[in-house]
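As structure tokens, the structure follows; a few thoughts come after it.
The values are calculated or read from the model by the stated rules, or taken from the named source; none is laboratory data. Given the structure is predicted, the values throughout are model-derived calculations rather than measurements. Note that we place each Cβ from the backbone using ideal geometry, even for glycine, and neighbour counts take in every protein chain shown.
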Amino acid sequence: MTKHLLLAIVSFSVIFFGCSMIDVDTPEDCFSQWNSCEALSALQEYVQDVTNPSSANYIKPEDRIVTFDMDGTFVGELYPTYFEYNLLEYRVLDDPSYKDKAPDDVRETAQEIRDFVRNGVKLPDHFDMKHAHAAATAYAGMSLAEFNAYVKDYASKPANGFTGMTYGQSFYKPMLQIFAYLEAKGFTYYVVSGSDRFICRALVESIGIAPNRVIGMDVRLRSRSQGDEPGVDYTLGKEEDLIRTDELIIKNLKTNKVLQISQEIGKVPVLSFGNSGGDSAMHNYCLSNSLKSAAFMLIADDPDRDHANRDKALKLGEQWRQAGYHVISMRDDFKTIYGPGVQKVDFTFTTQ
């Protein structure tokens, strides 16, 4: 590696993440977007302990596994709902290339999202699974490259409820500094999301998270010319691409997150970050580790800078503390959420 390339990488880390690769123990370098708080102190104390070779709690680098939920943990989810819900609503009800082709059950699901975000109509019970099946159908037949481009195109639109930010820019800046800090300390992190794996990959590419570090909802894939022939019998051609099917494999929520972590990572994490009850199983799995471990829950308690319900968030915060998780307060612990120039505004509901 040339000296100029190394300097460029260091400069990128400092500018983008706000964390110097040279001295990761200096708070003003690493955590410039944070206020002094219990959660950050707990994380630093934990990391200093388990990376100290003289400590009884020392963890070898290969076992320093961290799992991060995505929506609401380091990516916005209050514009006005999850990115993947917004995307399906657009695909089915507004996209001129598809809206007249959507099956009735898929259209019903997209309309339920629209009624929820625009009129406050409660989503049906078990809507996560209903959405997952509808999304599998809505994007079936798209190649992975086509779907990646489709997600990124929608992500380039202005984020509803904010000025100065697109959906694809809606990262919590303080949480990005946690990624940089942990990586500099020899930890390997994975995104473990309930959202579609390929949506997650498209969104996190811009912050340097590799595709093989992303676990999410999955649909079955097949090659373009494979048809119904089993993969064990069919040989992929050199010019073929892979396409999505309408067959849902797994919705990666709650205990399914644990199962997928075990399947794909093969190790129990020592750190876990989330923001909702859907992450509790992942946190509990982490805290079951025989190695020293810790879990963190972020609460959306800042109604001034985000579209948050503070009373609900504070109640959840108490629930998470009683469960043994450290609580990160967006209002009290973050100096900024989305960065300078981003302002919360009223939602608008015109066709995007």
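Checking the condition out of contact with any Ser or Thr (no Cβ under 6 Å at 6 or more places or on another chain), crowded, with 16+ Cβ neighbours inside 10 Å and in contact (Cβ under 8 Å) with a residue 60 or more places away in the chain, which residue from Phe127, Phe162 passes?
The conditions single out Phe162.
When region 181-207 is examined, which residues are found to be more than 27 Å from Tyr58 (Cβ to Cβ), in contact (Cβ under 8 Å) with a residue 60 or more places away in the chain and surrounded by fewer than 20 Cβ atoms within 10 Å (Cβ to Cβ)?
So in region 181-207, the residues more than 27 Å from Tyr58 (Cβ to Cβ) come out as 193-207.
Next, from what is left, pick out any that are in contact (Cβ under 8 Å) with a residue 60 or more places away in the chain: 193-196, 199-200, 203-204, 207.
Listed by number, the list holds a single entry, Ile207.
Only one of Asp95, Asp100 is buried (at least 18 other Cβ atoms within 10 Å of the Cβ), more than 22 Å from the chain's Cα centre (by Cα) and not in a helix (DSSP H, G or I); which? Let's see the steps before the verdict.
Values: Asp100 fails: buried (at least 18 other Cβ atoms within 10 Å of the Cβ).
After ruling out the rest, the residue left standing is Asp95.
Among the listed residues Val117, Val121, which satisfies the condition of being over 19 Å from Lys251 (Cα atoms), in contact with a Ser or Thr (Cβ under 6 Å, 6 or more places away or on another chain) and either in a helix (DSSP H, G or I) or at pLDDT 95 or above (or both)?
Result of the check over Val117, Val121: Val117.
Kindly list the number of the only condition in (1) in contact (Cβ under 8 Å) with a residue 40 or more places away in the chain; (2) among the hydrophobic types (A, V, I, L, M, F, W, C); (3) crowded, with 22+ Cβ neighbours inside 10 Å that fails for Met297.
That leaves (1) as the condition not met.
Do you know which residues across region 302-328 are surrounded by 19 or more Cβ atoms within 10 Å (Cβ to Cβ) and not in a helix (DSSP H, G or I)?
Asp302, Asp306, His307, Ala308, Tyr325, His326, Val327, Ile328
Residue pairs, Cβ under 7 Å, 6 or more apart or interchain, first in region 222-238 and hydrophobic (A, V, I, L, M, F, W, C), second not in a loop (DSSP other than H, G, I, E, B). List them.
Leu236/Ser223
Which count do you get for residues in region 131-157 that are part of a helix (DSSP H, G or I), closer than 15 Å to Asn86 by Cα and not hydrophobic (A, V, I, L, M, F, W, C)?
Here the count works out to 5.
Can Val204 be described as touching a Lys or Arg at 6+ places or on another chain (Cβ under 6 Å) and outside any loop (DSSP other than H, G, I, E, B)?
no
Which ones in region 253-280 are over 16 Å from the mean Cα position of the chain (by Cα) and either part of a loop (DSSP other than H, G, I, E, B) or aliphatic (A, V, I, L, M) (or both)?
Leu259, Ile265, Gly266, Lys267, Val268, Pro269, Val270
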